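Asks: My questions all concern the structure below.
The values are calculated or read from the model by the stated rules, or taken from the named source; none is laboratory data. Keep in mind it's a predicted model, so treat the numbers as computed, not measured. Neighbour counts are summed over all protein chains in view; Cβ atoms, including those assigned to glycine, are modelled from backbone coordinates with ideal geometry.
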Amino acid sequence: MKTFSRVALFTTGFIVAIYLVLALSLTQGVALSHHEDSPVNTVELNPNDLDANQPNIFSSLFSYIDIISSDGELYVQLESTEKHVVAVPLSKMFSDMLLFSNLPLLILLGFAILMPFAITSKKQKSLNKAISILNNKTDNLLSAFNLDLPKYETENNLARLNHSISSLTDAVERYKKDTETSIFQDKLTGLADRHAYLGHLKEQLNHAEQAAKKQALLFIDLDGFKQVNDSFGHSFGDEVLIQVAERLRTIVRNHNLSSQHPINGIEQNLSRLGGDEFSIFISNLLEPSLAVNVAQNVLHEIERDFVLGNKVVKIGASIGIAIYPDSASSPFALLQMADVAMYRAKTDGRGIFRVYSPEMGSKMRRYHYLLEEMRLALGSNNFSLSFQPIVHVDDCSIDYFECLVRWHHPVEGTITPTEFIPIAEESNLILELGDWILFEACRQMSAWYNAGMTKVRISVNISGVQLKHRKLYDWVIETIEKAGLPPKALMLEITESCFIEASRETTESLQKLREKGITIAIDDFGTGFSSLCTLAELPVDVIKIDKLFIDQANDNPKYNKILNSISELGKDLNLKVVAEGVECAEQFELVRKMGIQCVQGYLVSKPETSNNVGTKVLRTNLNHIAATGTNIWLPENEPMPRHKLHSVK
């Protein structure tokens with residue numbers, strides 16, 4: 001449209017300019033014709049020879065000049081009488097005046113008119129060239145996006161560029177949407193990831209603060225999922241997570257909790273936080289019971305069978321609930337408090353939910369306080385080792401010492417292992433602490449071994465975190481070589497639950513350590529629900545019966561029978577059986593009658609410092625140590641059964 005207007009304007013201007021030049025030339029010619037020395041030649045015409053029809057067009061254009069016609073030729077009339085008419089041929093007047101008088105003006109006018117057209121033409125060529133270059137670049141971009149433009153018969157370069165830009169704009173919008181989806185979406189389940197979820201929580205909490213309404217967050221952790229991964233593989237576990245995500249989507253929809261992102265369509269009130277952890281956000285908690293109802297629904301759905309191929313898997317869930325603003329007022333804090341409540345649910349039995357309370361917050365603050373203090377203690381050597389003897393039932397000779405870590409806090413005094421060891425394991429500080437324990441225990445035992453206790457071993461507890469993160473064989477061998485301890489003088493204790501979850505690589509490493517002479521023991525046997533088939537295949541030498549069975553055996557016939565069965569099982573599998581938690585003579589007598597070889601407990605001795613062990617063992621009866629490689633550790637607090645006193649003497 002603009003190009004058409006420009007052409008029309010130039011055409012009109014050109015016509016007006018020609019008219020002005022012609023009118024000027026004609027006026028000049030008429031005026032000049034009346035002078036005596038005029039170069040314009042006039043002619044005389046007979047009035048009777050003039051045409052009756054005058055040229056209306058020229059008369060209209062040049063109304064101020066008389067234009068006549070004779071024999072079809074046009075004249076400019078100068079004078080007129082009855083006998084003759086003085087005139088000048090129109091063509092002659094135009095040619096003379098234009099050529100001799102107004103030619104430069106005509107040339108200048110033509111140049112002025114043609115110049116814009118020339119400039120416009122040059123600009124158009126440059127524009128067409130630039131558009132062609134842009135089209136080539138857009139074609140490359142279209143190829144990169146694998147886009148094909150439709151063909152148009154009347155399409156020019158500019159129209160093609162317009163179509164290309166439109167297609168690229170659409171592609172960029174799609175790419176932007178896909179990119180946002182990829183960044184903020186969990187790749188496996190398609191749920192919102194942790195980062196996107198926290199961003200959504202921040203917006204929702206701001207709205208809730210302005211509207212003075214309550215909201216709730218559910219922190220969901222799957223129970224038994226690790227066993228699924230270990231038993232069937234990670235691909236099988238991934239399928240379980242996908243099905244869990246779909247069941248949670250259904251719950252969100254059924255409770256009208258859904259809030260989809262306007263661009264990428266991701267459900268914003270449901271997230272996979274990582275691993276087997278999920279979260280549901282309730283943006284409008286009209287009734288406190290709503291969060292409870294949602295939690296109960298989640299527990300019910302997760303407990304339903306998961307069918308994958310020809311396998312049926314059963315898992316559960318533990319849920320923590322945090323309420324805004326009662327529990328916390330920021331997204332991260334709200335998520336953290338729900339996490340605290342979830343851990344309480346796990347502690348209280350799993351498969352249940354718990355609502356956050358300030359008392360739980362106190363435990364969390366205690367947790368972080370001890371965690372930081374533990375880091376400081378590791379740097380300042382505030383940990384120490386104690387040693388509890390495990391003795392043979394027959395003669396009370398020392399079979400081995402169990403190494404136990406102790407923490408004497410400079411302000412709080414003694415902090416029990418039952419409080420700080422779980423924190424160390426959850427934070428992975430057990431790795432650094434465990435390195436120190438293993439080396440110090442081996443170093444101490446090396447000194448005792450060199451002093452003559454060649455038949456005694458040192459026992460060190462190994463946690464599941466260490467089994468997972470340490471190259472077990474290399475770690476243990478390097479440590480005993482550094483401490484100068486023979487492999488036969490070391491025993492590793494691993495809880496039954498860790499054995500159940502141990503990988504094949506860990507089992508193979510334990511077997512290699514046994515071949516080197518290191519003893520392997522199952523600790524807390526009877527509490528991990530392992531199968532007898534698994535026990536037969538494990539690389540172990542010692543079974544340590546959990547204190548629970550010892551405490552109940554004299555009063556509960558069922559526990560008595562289980563204890564006796566474990567003793568018989570140890571004999572059949574050629575495993576040494578150790579009874580833990582023996583605290584009185586009656587328990588000692590019970591395990592002796594059952595044929596259990598060794599006992600450990602306060603009846604024999606509490607954990608002692610290395611100095612006390614050296615005083616009691618190494619400084620007395622050196623001849624016995626030299627002859628047997630061990631020594632006798634008699635109970636101090638309670639008398640032994642009469643027959644036992646005779647046997648020891």
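Asks: Take the residues in the stretch 366-391 that are out of contact with any Ser or Thr (no Cβ under 6 Å at 6 or more places or on another chain), of a type in the set (A, V, I, L, M) and in a helix (DSSP H, G or I), then tell me which one is surrounded by the fewest Cβ atoms within 10 Å (Cβ to Cβ).
Replies: Applying the filter and picking the extreme gives LEU376.
Asks: Mind listing whichever residues of the stretch 602-626 are small (Gly, Ala, Ser) and either surrounded by fewer than 22 Cβ atoms within 10 Å (Cβ to Cβ) or farther than 29 Å from LEU573 by Cβ (or both)?
Replies: Matches in the stretch 602-626: SER610, GLY614, ALA626.
Asks: Now for a different question. Kindly check whether there is at least one residue in the stretch 379-386 that is farther than 30 Å from LYS455 by Cβ and touching a helix residue (DSSP H, G or I) at 6+ places or on another chain (Cβ under 9 Å).
Replies: Yes, the stretch 379-386 contains at least one residue that is farther than 30 Å from LYS455 by Cβ and touching a helix residue (DSSP H, G or I) at 6+ places or on another chain (Cβ under 9 Å).
Asks: Also, quick follow-up: So which helices (runs of 4 or more DSSP H) stay within the stretch 225-333 end to end and still have 3 or more residues that are without any contact (Cβ under 8 Å) to a residue 24 or more places away in the chain?
Replies: Qualifying helices (runs of 4 or more DSSP H): 234-254.
Asks: Related question: Within the stretch 488-578, which strands (runs of 3 or more DSSP E) (wholly inside it) include 2 or more residues that are out of contact with any helix residue (DSSP H, G or I) (no Cβ under 9 Å at 6 or more places or on another chain) and surrounded by fewer than 19 Cβ atoms within 10 Å (Cβ to Cβ)?
Replies: Hits in the stretch 488-578: none.
Asks: Specify the residue that is nearest to the chain's Cα centre (by Cα); the eligible residues are those in the stretch 500-539 that are at pLDDT 90 or above and among the basic types (Lys, Arg).
Replies: LYS512
Asks: If the requirement is being without any contact (Cβ under 8 Å) to a residue 24 or more places away in the chain and part of a helix (DSSP H, G or I), which of these qualifies: GLU481, GLU440, GLU425, GLU432?
Replies: GLU481
Asks: Are any of the residues in the stretch 598-608 assigned by TED's automatic domain parsing to the domain that holds ILE390, at pLDDT 90 or above, part of a loop (DSSP other than H, G, I, E, B) and more than 15 Å from HIS392 (Cα to Cα)?
Replies: yes
Asks: Hey, can you tell me all the residues within the stretch 195-224 that are free of Cβ contacts under 8 Å to residues at least 60 places away in the same chain and either outside any helix (DSSP H, G or I) or within 22 Å of ALA295 (Cα to Cα) (or both)?
Replies: ALA212
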